Amino acid sequence: MLWISDRLSVPDEALEFAFVRAGGPGGQNVNKVSTAVQLRFDPNRCPGLYGPARARLATIAGRRMTAEGVVVLDARRHRTQEANRRDAIERLTEMLRRSLEAPRPRVRTRPTLSSKKRRVEGK
């Protein structure tokens with residue numbers, strides 16, 4: 001169980017980890033050891049993630065969300081599986097916390113005198 005906030009916890013069934021080879025520089029270690037982590041999070045298996053927060057998560061995730069609605073995060077910054085796993089969990093936690101925050105409503109204000117003048121002069 002992953003605790004995001006007092007309102008949201010992610011059950012273990014919603015998280016799926018896969019360990020793959022990282023690639024790139026690093027010598028033989030990169031070619032032989034599967035240290036990169038691919039974290040798959042299914043928001044449909046997370047009952048505490050309600051409609052508006054789920055929509056905000058889709059916006060925040062962007063291309064990292066698949067057509068099925070699963071968020072896929074790749075972590076390959078570190079040399080060890082455990083460090084990459086922690087990195088992926090931290091990134092997912094941050095995304096979920098941001099999705100729980102409702103945007104502040106815009107407060108309409110009157111145009112200032114100088115902005116009115118600029119608009120008239122621009123015509």
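Give me the dipole magnitude in Debye, nearest 20, for the chain about the Cα centre, with unit charges on the beta carbon: positive for Lys and Arg, negative for Asp and Glu.
Values: 26 positive and 13 negative charges, 259 e Å.
Computed charge dipole of the chain: roughly 1240 debye.
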Extension length gain for residue 81 and residue 63 (0.36 nm per residue less Cα distance), in nm, is 4.1 nm
Along the range 48-55, Karplus-curve 3J(HN,Hα) (6.51, -1.76, 1.60; θ = phi - 60°) to the nearest Hz, with x for Gly and Pro, reads x, 8, 7, x, x, 5, 5, 5
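Using 0.36 nm per residue of separation minus the Cα-Cα distance, give me the extension gain between residue 31 and residue 108 in nm, one decimal. All intermediate terms of the calculation are to be shown ahead of the outcome.
Details: separation 77, 0.36 × 77 = 27.72 nm, distance 5.73 nm.
That pair, residue 31 and residue 108, stretches by 22.0 nm at full extension.
Can you work out the accessible area per residue across the chain, with the rest of the protein chains kept in place, probe 1.4 Å, in square angstrom? Provide the component values of the computation, followed by the final result.
Values: 8760 Å² over 123 residues.
With the other protein chains kept in place, the chain gives 71 Å² per residue.
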All alpha-carbon distances of the range 41-111, grouped into 10 Å bins from 0, give the whole-percent distribution 18, 42, 25, 10, 4, 1
Under the Karplus relation with 6.51, -1.76 and 1.60 and θ = phi - 60°, whole-Hz ³J(HN,Hα) for the range 34-44, x at Gly and Pro, equal 8, 9, 6, 10, 10, 9, 10, 10, 9, x, 5
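Quick one: ranking 90, 121 by accessible area, 1.4 Å probe, largest first, what do you get?
Ranked from most to least accessible, the order is 121, 90.
Over the range 33-123, with every protein chain in place, what whole percent of the accessible area is carbon and sulfur at 1.4 Å, could you tell me? Walk me through the numbers before you get to the answer.
Details: 3290 of 6520 Å².
Within the range 33-123, the accessible surface is 51 percent carbon and sulfur.
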Expressed in angstrom and ordered largest first, the alpha-carbon extents of the chain along the principal axes are 68, 38, 26
In a Gaussian network model of the chain with springs linking alpha carbons closer than 10 Å, the residue among 113, 96, 49 that fluctuates most is 113
Sequence order, the range 6-20: Karplus ³J(HN,Hα) from phi using 6.51 cos²θ - 1.76 cosθ + 1.60, θ = phi - 60°, Hz rounded, Gly and Pro as x, gives 5, 9, 9, 9, 9, x, 4, 5, 7, 10, 9, 10, 9, 10, 10
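The values are calculated or read from the model by the stated rules, or taken from the named source; none is laboratory data. Since the model is a prediction, treat every value here as computed from it, not as a measurement. Positions of Cβ are generated from backbone atoms using ideal geometry, with glycine treated the same way; all protein chains shown enter the neighbour counts. Heads up: the accessible areas ignore ligands, DNA and RNA and are worked out on the full protein's heavy atoms, side chains in. Shrake-Rupley method; radii C 1.70, N 1.55, O 1.52, S 1.80 Å.
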